1. Within the range 77-133, track down each residue that is closer than 22 Å to Asp37 by Cα and touching a His at 6+ places or on another chain (Cβ under 8 Å).
2. Look at His116 and say whether it is within 26 Å of Arg4 (Cα to Cα), assigned to a helix (DSSP H, G or I) and in contact with a strand residue (DSSP E or B) (Cβ under 6 Å, 6 or more places away or on another chain).
3. Could you give every pair whose Cβ atoms fall below 7 Å, whose first residue belongs to the range 112-123 and is more than 18 Å from Ile158 (Cβ to Cβ) and of a type outside the set (D, E, K, R), and whose second residue is part of a helix (DSSP H, G or I) and at pLDDT 85 or above, counting only separations of at least 6 or pairs across chains?
4. Can you list residue pairs whose Cβ atoms sit under 8 Å apart, with the first residue in the range 135-162 being within 22 Å of Phe108 (Cα to Cα) and assigned to a helix (DSSP H, G or I) and the second being at pLDDT 85 or above and hydroxyl-bearing (Ser, Thr, Tyr)? Count only pairs 6 or more apart in sequence or on different chains.
5. Counting only residues that are more than 14 Å from Phe107 (Cβ to Cβ) and exposed (fewer than 14 other Cβ atoms within 10 Å of the Cβ), which one in the range 1-22 is modelled with the lowest pLDDT?
6. If you take the residues in the range 107-166 that are surrounded by 13 or more Cβ atoms within 10 Å (Cβ to Cβ) and of a type in the set (S, T, N, Q), which one is farthest from Asn40 (Cα to Cα)?
7. Consider Phe137 against the criteria (1) modelled with pLDDT of 85 or more; (2) within 17 Å of Val28 (Cα to Cα); (3) not polar (S, T, N, Q): it satisfies all of them except one. Which criterion is unmet?
Amino acid sequence: MAGRYAVVVYVVTAGLHGDNLGADEQEVVLFSWLVVDVANTKVVVVQQHFVKPRGADVNENLLSDTCRSVFQLTEESVNNGQSLENVLEELDQFVKARFDNDGNRNFFLVTDGQFHLRQVLHPEATKKNLSLPDYFFSFFDLRKEFRRFYHTDEILSIQDMLNCIL
């Protein structure tokens, strides 16, 4: 594992979640990331951004019931959100300024499963003609690594991981 910092990325779409995340091709409405100093096991920064989908109509109910109940999102917070382009640019500027020393990247990306990137961000970026930074193409899948380490296929969520180790 290269790098001292883990940049953990989590996205929520207006549609399906869990193992169906991205299957309905809904746009991102919440983009969260946090940075962990791995050497000191300390959270450095936590960011959460509401994302306004390009196709959103202010009068439209675009959020699923799960978005409202589990993630506590409202139509107003999403309609007042930033564009996905702006959120990605903010993350990119932050990690490059703090954790990229003359091209020597001192961070790595972590996700809870591959869906956040492979089923959501990559396809949405392609549809919107956005260029994702290169580090979005090389990442650690926390679920996959956990399953491999603990020799189990029973891990379906972060809660399952916590239950396994506590």
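1. Of everything in the range 77-133, those that are closer than 22 Å to Asp37 by Cα and touching a His at 6+ places or on another chain (Cβ under 8 Å) turn out to be Val87, Glu90.
2. Working: within 26 Å of Arg4 (Cα to Cα): yes; assigned to a helix (DSSP H, G or I): yes; in contact with a strand residue (DSSP E or B) (Cβ under 6 Å, 6 or more places away or on another chain): yes.
Yes, satisfied.
3. Qualifying pairs under 7 Å: Leu121/Phe136.
4. Once the first residue is within 22 Å of Phe108 (Cα to Cα) and assigned to a helix (DSSP H, G or I) and sits in the range 135-162, its partners that are at pLDDT 85 or above and hydroxyl-bearing (Ser, Thr, Tyr) give Leu142/Thr111.
5. Narrowing the range 1-22 to residues more than 14 Å from Phe107 (Cβ to Cβ): 10-22.
Restricting the remaining residues to those that are exposed (fewer than 14 other Cβ atoms within 10 Å of the Cβ) gives 18-20.
On the way: Gly18: 69, Asp19: 69, Asn20: 62.
Restricting to residues being more than 14 Å from Phe107 (Cβ to Cβ) and exposed (fewer than 14 other Cβ atoms within 10 Å of the Cβ), the top hit is Asn20.
6. Of everything passing the filter in the range 107-166, Gln119 is farthest from Asn40 (Cα to Cα).
7. (2)
The values are calculated or read from the model by the stated rules, or taken from the named source; none is laboratory data. This is a predicted model, so every value here is computed, not measured. Glycine gets a Cβ as well: all are built from the backbone with ideal geometry, and neighbour counts include every protein chain shown.
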